[in-house]
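Only one structure is covered here, and it is reproduced in the block below.
Bear in mind these aren't lab numbers, they're just calculated from the coordinates by the rules spelled out. Computed from a prediction, not measured in an experiment: that's the story for all the values here. Every residue, glycine as well, gets a Cβ built from its backbone with ideal geometry; the counts of neighbours run over all protein chains shown.
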Amino acid sequence: MSNSTPLTIALVDDDSIFQLTASRMLRSTGEQPTILQFSNGEEALRYLLANASQEGNLPDIILLDINRPYVDGWAFLNDYAELKKQLAKKIVIYMVSSSIDPSDMNRAKSNANVSDYLIKPILKEGYQKLLLSLGKQSTN
């Protein structure tokens, strides 16, 4: 991938251990992404709205946990569907969860705003694959 502009990745998860390990794993891939951390969907939505016209402040990728208190992943996606029209760039969203429930997977994959469903824990190779796929998407 290695563009001149580093990626910005938003982690939307109330699990501080996931945020810490995901940040470390993402940085260990060789890319040096900017990492934004939000403990709930409401925080992330407020940030996106406040920065909607500032492309450089918006994340390239959102790793969105499904099950969180307050505003969960599903509620975030409902609000994001309206908000995305105002955003200065396209954001790739991956749902992340420890849930292996097929109904969660199918619901996520059927949402037009979700690129894929990733099962926790995500290993370094998983993050490398994710970043590589984004690089291929951005050149198409």
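Cβ contacts < 6 Å: first residue over 20 Å from I66 (Cβ atoms), restricted to segment 25-43; second residue charged (D, E, K, R) and surrounded by fewer than 16 Cβ atoms within 10 Å (Cβ to Cβ), any location; separation 6+ or different chain. Result?
S28/K124
Out of curiosity, is I119 closer than 15 Å to V12 by Cα and either surrounded by fewer than 18 Cβ atoms within 10 Å (Cβ to Cβ) or touching a Gly at 6+ places or on another chain (Cβ under 8 Å) (or both)?
Here the answer is yes, as I119 does meet what is asked.
Would you check which residues across segment 47-83 are within 15 Å of the chain's Cα centre (by Cα), farther than 23 Å from R107 by Cα and surrounded by fewer than 20 Cβ atoms within 10 Å (Cβ to Cβ) and list them?
Y47, N57
Cβ contacts < 9 Å: first residue free of Cβ contacts under 8 Å to residues at least 12 places away in the same chain, restricted to segment 94-123; second residue in a loop (DSSP other than H, G, I, E, B) and not hydroxyl-bearing (S, T, Y), any location; separation 6+ or different chain. Result?
Within 9 Å, no pair qualifies.
Please indicate, with yes or no, whether at least one residue in segment 23-31 is buried (at least 17 other Cβ atoms within 10 Å of the Cβ), over 15 Å from the mean Cα position of the chain (by Cα) and not aliphatic (A, V, I, L, M).
For segment 23-31, residues buried (at least 17 other Cβ atoms within 10 Å of the Cβ), over 15 Å from the mean Cα position of the chain (by Cα) and not aliphatic (A, V, I, L, M): present.
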